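What follows is a set of notes on a single structure, which appears directly below.
No value in this document is a laboratory result; all are computed from the given coordinates. None of the values given here were measured: they were computed from a predicted structure. Cβ placement follows ideal geometry from the backbone for every residue including glycine, while neighbour counts extend to all protein chains displayed.
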There are 2 protein chains.
Amino acid sequence: MTKRCEWMGVAAVIAMLGVWSGVLAGEPEGRIAALNAHPTPESLRTWHDLLAQETHVAGTAGDARTIERLAAAFGEMGLEVEVHEIWPLLCEPVSAALEIVAPERVVLEIAERVLPEDPATAESAGFGWNAYGGSGDVTGRVVYANQGTKGDFEKLAGMGVDVRGAIVFARYGGNYRGYKAKYAEEAGAAGLVIYTDPGDSGYAKGLAYPEGGYASDCCVQRGSVLTMAYQGDPLTPGAEATLEAERIGVERAGLPRIPVQPIGYGAAREVLGRMTGAAVPEGWQGGLPFTYRVEGGEALRVRLMVEQVRRVRRTANVVATLRGAIFPDEMVIVGCHHDAWNHGAADPLCGTIALMESARAFAAEARAGRPPARTVVFAAWGAEEFGIIGSSEWVEANRERLRRHAVAYINLDMAAMGTNFGASASPSLRGVIEAAAGDVPQPGDAEGRTVAAVWPGTFGDLGGGSDHVGFLCHAGVPSCALGGSGGRGWSYHSAYDTLAWYRKVVGPGYESALMVTRMTNAVASRLADSRIVPLEASAYSPDAVRVLKALTARGLEIGAFGKMDGGEGVAAAFAPIVGAAADAERRAAAAMERLAAAGSMDEGAAARANAAILGMERAWLDEAGLPGRRWFANLYAAPDETSGYAAWILPELARAVEMRDAGAIEAGVARCVAAFGRLGARADEVMAE
Amino acid sequence: MTKRCEWMGVAAVIAMLGVWSGVLAGEPEGRIAALNAHPTPESLRTWHDLLAQETHVAGTAGDARTIERLAAAFGEMGLEVEVHEIWPLLCEPVSAALEIVAPERVVLEIAERVLPEDPATAESAGFGWNAYGGSGDVTGRVVYANQGTKGDFEKLAGMGVDVRGAIVFARYGGNYRGYKAKYAEEAGAAGLVIYTDPGDSGYAKGLAYPEGGYASDCCVQRGSVLTMAYQGDPLTPGAEATLEAERIGVERAGLPRIPVQPIGYGAAREVLGRMTGAAVPEGWQGGLPFTYRVEGGEALRVRLMVEQVRRVRRTANVVATLRGAIFPDEMVIVGCHHDAWNHGAADPLCGTIALMESARAFAAEARAGRPPARTVVFAAWGAEEFGIIGSSEWVEANRERLRRHAVAYINLDMAAMGTNFGASASPSLRGVIEAAAGDVPQPGDAEGRTVAAVWPGTFGDLGGGSDHVGFLCHAGVPSCALGGSGGRGWSYHSAYDTLAWYRKVVGPGYESALMVTRMTNAVASRLADSRIVPLEASAYSPDAVRVLKALTARGLEIGAFGKMDGGEGVAAAFAPIVGAAADAERRAAAAMERLAAAGSMDEGAAARANAAILGMERAWLDEAGLPGRRWFANLYAAPDETSGYAAWILPELARAVEMRDAGAIEAGVARCVAAFGRLGARADEVMAE
């Protein structure tokens, strides 16, 4: 293969199509079709059998064996394999108990039942736990706090409900469970019980597993309750968690102090059904067969005991690299975590198997003499479930390289849950995904159409909650999450997230995982094989304007703007961003025109152009970080600070609105304007005279 | 009082305000303020004590005593009282039983519990029944049919569920219960059980009575299951049900043949919880604590036994008349039924007491020398609960007089359920109600504002389900229903609809009933005392255009238009109505301008103008009636034919759309065009040269 590859020639294609994004150089259809000839349902199923054969919580022996299996599998493909060891603070459950102690003693079941129909549950069924919750033995009155959101605790305060010393019961949903613990603790609760409501995930949605796929009365959602101003290992903020790394004291990590216990709705019913206080306000009622109440009354007393051990344990990311033939420094990263709360057939493995299958396709093509133009990294992350730890540590370890050379990150966490395609993505990546959707057949479509013909084409914003966070928010790498939904069931973080459950609910045919693998191949190939990186930095401008409109409406609704003169004052405050966005959009579009006009170019010129394009993405990085959380250095996108799952776009302004901190708007506007200015300046560097 | 009343002088006021509707002649505020000085909470409470002291199902001894009490009360006010006796086919429950017979025998409770906290329930609690259901003793498999709507039974057929011979369980809601019975019978069911779902009216909404106000597990909604192509007594279609009237054979009345039984959710849970078939489709799940299923399976067998006696019984309307001083022939009718399924404190009596209190105000003013200009009729209707019988019979008995002279009908069924004002109204009446809302204080408003300032000002369309139907749909009299909502509870048609329940849920202070009384006074006075009848016939035109748009959208959604060429073809088909509506609107507006320009006029001229205005309303009457139901002679509004509660506006076209009968559109359009033509022609008669 000559260095000047025959199938590169992006300028001609750009000129022909008149569009920038998603343009595969030369013979895009041939390249993607070749990649997509490799994945098969049988292979996906085999990966699934390999990785979901045992429970593998991060830091356990099952985790270590899973890491070995992944490394061996990537190695057999002929990829360069790095087992990236890390030593984060993890934790283990020791014991837990929940009981009603007055007016009568009732010991409540907090463990799942073993199902004879699903032998895997003999290993996974056990008492539920929330990692990083406090250890303790507390007894108190009961308060029901709905979903335990910031707003829910504000409403309780408004009703005059005294949460101090109480055992708070909150249902799952509405936020990341860590915020339930944070707000319960701030309100003075003695302990927190989080339960799965049958109205949200149980019988009201459908038949319970194993007859159907939904949560039964004993099904418990495990999960971390970590909330910090940074992501990754709690003890090594901003630095790689090597064995010998300097660590902060655990007391400085701000972990929850109160005990936190997850339970199923069978146990919750025993407590909630004995409450005697006033009926709940509108929207707080769940699916249990009685009217929910806010307070348990004086006679009802509940005891919660939780014992956990927190310690530094070994785990690892398994990172497989396929070196690019033309631009080996530039890299596209595809990732999904490998750790799970139990077997993890759905979370994360239905995405992990698509990762493996995509790697297998790229590796096979490379072995046949058709390597990608850029380096493609396939990464299986460790300890995601404890707090997005493995990927964050790898990003910290590789920060400068990523900031210089990373083209994009594609996340596949729990990606194959059905055949309804969906995506969340940075604005600059959306065109690539739209184009890729035209390359992949829609499973089960009688008319033989592509994903593009069936998918509505709308994108979500990327928030927190998975391994894209380090790439996007710490390293400024444009990111996306791809996936399919539609399976009818719910086993999230429970003992029932097994292969049998997955094959019953999502199906035994792996159509979803096949679609996701093919979408991954098509997106990754467009990013890795196009001579000019197909990122559309101009897309930030209209997206920012959309977000400013939404922030204005939200701020007016909640009275966030203080003395500002209604909508007009807010519009005036935001106007500099709108102007800067328009200017940046114009300059980015002009850069693309120069690129298209330049025609065929050599590698050196292309590399310089690509460096400028990546520089436009990094325009959003600001070393000062976001207010109060410096680790989050991307001024365009961050997880929100009040629920943990939602995205804050233009997060400094979103924070000012949500916190009703009108005084913070001016500084946020100035930094956004500066970012758009940097973006425009770097656009000017593209094919500069 | 001179015949040329000082406080008449509409033309000047019209000229001053520049509006047509809601103009009280001379001193509107003084007249309405005087009327509204009479009503008091104490008096409303006394009426309530009088009328809700015992159960009074139509045809029973309690009904007869209630009729005597009403007649005496009106008589004491000095009104002319007619006890309008009628002899309709009614029915009485004899016995009923519901039990699971296999795989185990479980006798189910179908009666409400007596509540020690509410002694009235000792009289009202008993087994529930659905009037006019068939008598029989049937045993069969179980099928759950959601709300038993036309669409629900179509969905069951689509799923291949065999309803023949089955006992169908359907939850209340979504339609009039008579249609549940009709569609169940048409699908071949052996029997029908209708239950109150806790997700709709029970614990999911709030605490049960007596702790709260919502339905407990044993609370049963009684009610008629009559569905006919006419309203009123089943045996005397279109004619007054006098003792000696000619009657059709009962077999020709099309009454349900299958037994129908209402139950509470405690009993329903026993059956639904034992079903074993497939899970229900989206939207069919209710609030019981398990996943609902469509079929009970072969092992589950349920027995339903219902015995009722149908017979012709005496009941009566109590009609009190206050003769008008200037235009005694012209009349405004205010009505509410008096019969109830039990005590009826809410349904209907909280509206009936507003009727009584409004009558008391008008009568007191008349006794003080200030009678209304037009005759005002206050009517307490009998046997509404069995099928809107009493009012329909009175309309049939007075049809020609009503068609000639009735200005409007105001319905108050169950009107005082809270202080959030609401109204449904014929288009021509909406302006009057809007103006009246400015006359009445909003209860509990800290700023002392009027109903108009708080009420959103949107109107519902009048459908079926209460005593306006005869006036509006048979006699062409513009009608409205006034009321207040907001009380948090549900005792509808149950043993718990008692004074204690009402005072707990709506409140002991009668603020709602006071507001409704005052709104009734203000609306009735504007209609009765304005020299020129303040009906805005021009309002039909924009309303018709709104409805045509909605029908077009609905028809396109359900594929109702057959071979018509999409939206354009439909628009072309409806275009003649739009043109006719615009022409009628122009002519009606011109008539109003002539009236305004005419200035002060004598009674003869005013009477002629008013006759023309009433004639514009009757433009909608067509003796041929609606397709398949001649009794419904109003081409503008009718109850729908598939659910019984909704309104069909332009019903002939609504029917064509709902029945996907594109061939019926042309004839419907022609009759609408003709009606608008008649309306325009009668407008031309107003103050014609």
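What is the antiparallel percent of DSSP beta bridges lying wholly in the protein assembly as shown, to the nearest 5?
Rounded to the nearest five, the antiparallel share is 60 percent.
Across the residues of B:279-291, average count of Cβ atoms on other protein chains within 10 Å?
If you average over the peptide's residues, the count of other-chain Cβ atoms is 5.
Leaving out same-chain residues fewer than 8 places away, which lysines sit with a Cα under 25 Å from that of A:LYS549?
The reachable lysines, counting only those whose Cα sits under 25 Å from A:LYS549, are A:LYS150, A:LYS563.
What whole-number distance in Å separates the alpha-carbon centres of the stretch B:467-503 and the stretch A:198-239?
Answer, in whole Å: 47.
From the mean inverse distance of alpha carbon pairs (Kirkwood) and the Cα radius of gyration, derive Rg over Rh for the protein assembly as shown.
Rg/Rh: 1.03.
Considering only chain B, what is the antiparallel percent among its DSSP beta bridges, to the nearest 5?
60
Whole Å is fine, so just give me how far the alpha carbon centre of the stretch B:278-352 lies from that of the stretch B:126-149.
Distance between centres, Cα-based: 16 Å.
To the nearest Å, what is the center-to-center distance of the stretch B:654-689 and the stretch A:438-466, using C-alpha atoms only?
With the stretch B:654-689 and the stretch A:438-466 each reduced to a Cα centre, they are spaced 48 Å.
I need the peptides B:100-108, B:193-201, A:168-176, B:162-170 ranked by packing, meaning the mean over residues of other C-beta atoms within 10 angstrom, with the highest value on top.
Highest-to-lowest ranking by the protection proxy: B:193-201, A:168-176, B:162-170, B:100-108.
Go through A:LYS180/A:LYS504; B:LYS180/B:LYS504; B:LYS155/B:LYS205; A:LYS180/A:LYS205 and tell me which ones have a Cα-Cα distance over 26 Å in this structure.
The pairs that break the limit, which is 26 Å between Cα atoms, are A:LYS180/A:LYS504; B:LYS180/B:LYS504; B:LYS155/B:LYS205.
Suppose we consider the axis relating copy B to copy A; can you name the residue of B with the nearest Cβ and state that distance in angstrom as an integer?
Nearest Cβ to that rotation axis, in whole Å: B:PRO289, 2.
From the P(r) of the stretch B:334-400, could you give the percentage of C-alpha pairs in the tail past 18 Å?
Result: 46 percent of Cα pairs exceed 18 Å.
Write down the Å³ per residue value for the convex hull defined by the alpha carbon atoms of the stretch A:261-351.
Here the figure is 219 Å³ per residue.
Simple spin-label model, 7 Å along Cα-to-Cβ: B:ALA589 to A:ALA364 in nm?
The answer from the label model is 7.3 nm.
Take the Cα atoms of the stretch B:640-689, find their three principal axes, and give me the spread along each one in whole Å, biggest first.
Cα spread of the stretch B:640-689 along its principal axes, largest to smallest: 47, 26, 8 Å.
log₁₀ I(q)/I(0) of the stretch B:590-655 at q = 0.22, 0.24, 0.29 Å⁻¹, via Debye over equal Cα point scatterers, no solvent, to two decimals?
Each listed q maps to, in turn, -0.85, -0.94, -1.23.
What fraction of the Cα pairs in the stretch B:148-235, stated in percent, has a spacing above 19 angstrom?
Taking all Cα-Cα pairs of the stretch B:148-235, the fraction more than 19 Å apart is 49 percent.
With a cut-off of 8 Å between alpha carbons and a minimum separation of six or more residues, what is the relative contact order of chain A in percent?
Reported as a whole number, the value is 18 percent.
I need the Kirkwood Rh of the stretch A:298-442: take the reciprocal of the average 1/r across all distinct C-alpha pairs and report it in angstrom.
It works out to 17.5 Å.
Could you work out the local net charge near A:PHE362, counting Lys and Arg as +1, Asp and Glu as -1, over the other residues with Cβ closer than 12 Å to its Cβ?
With Lys, Arg at +1 and Asp, Glu at -1, the neighbours total +3.
For label points placed 7 Å from Cα toward Cβ, what is the shortest-first list of nm distances from A:ALA102 to its copies?
5.3
More than 49 angstrom separation, counting every C-alpha pair in chain A; what % is that?
Value for chain A (Cα pairs over 49 Å): 13 percent.
Based on the Cα coordinates of the stretch B:376-455, what is the per residue volume of their convex hull in Å³?
119
Relative contact order of the stretch B:400-557, please, whole-number percent, based on alpha carbon pairs below 8 angstrom and at least 6 residues apart.
Once divided by the residue count of the stretch B:400-557, the mean separation gives 36 percent.
Starting from the coordinates of the alpha-carbon atoms of the stretch B:75-191, obtain the Kirkwood hydrodynamic radius over all distinct pairs and give the value in Å to one decimal.
Computed over the stretch B:75-191, the radius equals 17.5 Å.
With only alpha-carbon atoms in the gyration tensor, what are the semi-axes of the equivalent ellipsoid for the stretch A:521-605, in Å, largest first?
39, 16, 7
Tell me the net charge near B:THR196. Cut-off is 10 Å between Cβ atoms, B:THR196 excluded, with +1 for each Lys or Arg and -1 for each Asp or Glu.
Net of charged neighbours comes to -2.
Please report, for the Cα atoms of the stretch B:537-685, the Rg to one decimal and the Dmax as a whole number; what are they, in angstrom?
Reported Rg and Dmax, both Å: 16.9, 57.
Give me the net charge of A:GLU641's neighbourhood, meaning all other residues with Cβ under 14 Å from the Cβ of A:GLU641; Lys, Arg count +1, Asp, Glu -1.
+1
If I stretch the segment between B:GLU109 and B:ALA572 completely, what's the gain in nm (0.36 nm per residue apart, minus their alpha carbon distance), one decimal?
Length difference between fully extended and current span is 160.9 nm.
Work the Kirkwood hydrodynamic radius out for the stretch A:90-310: mean of 1/r over every pair of different alpha-carbon atoms, inverted, in Å.
In the stretch A:90-310 this quantity evaluates to 18.0 Å.
From zero outward in steps of 10 Å, how is the percent of C-alpha pairs of the stretch B:115-167 spread across the bins?
Spelled out bin by bin, the stretch B:115-167 gives 18, 31, 25, 19, 8 percent.
Ranked highest first by the average count of other Cβ atoms within 10 Å around their residues, in what order do A:442-449, A:91-98, B:381-388 fall?
The densest-packed peptide leads the list: B:381-388, A:91-98, A:442-449.
For chain B, which DSSP H helices look membrane-span-like by this rule: Cα extent along the axis of 27 Å or more and mean Kyte-Doolittle of at least -0.5?
B:566-598, B:665-685
Considering all projection directions equally, how large on average is the shadow of the alpha-carbon convex hull of the stretch A:43-107, in square nanometres?
Result: 7.4 nm².
Helix-only mean residue ellipticity at 222 nm, chain B, DSSP H runs n ≥ 4 weighted -39,500 (n - 2.57), per residue, nearest 500. What is it?
Per the formula, -11000 deg cm²/dmol.
Between Rg and the Kirkwood Rh of the stretch A:479-578, both from Cα atoms, what is the Rg to Rh ratio?
A ratio of 1.21.
Tell me, what is the percent relative contact order of the stretch B:490-620, built from C-alpha pairs under 8 Å that lie six or more residues apart?
29
Using only the Cα atoms of the stretch A:463-502, what semi-axes does the equivalent ellipsoid have when each is the square root of 5 times a gyration tensor eigenvalue? Give whole Å, largest first.
Gyration-tensor ellipsoid for the stretch A:463-502: 29, 12, 8 Å.
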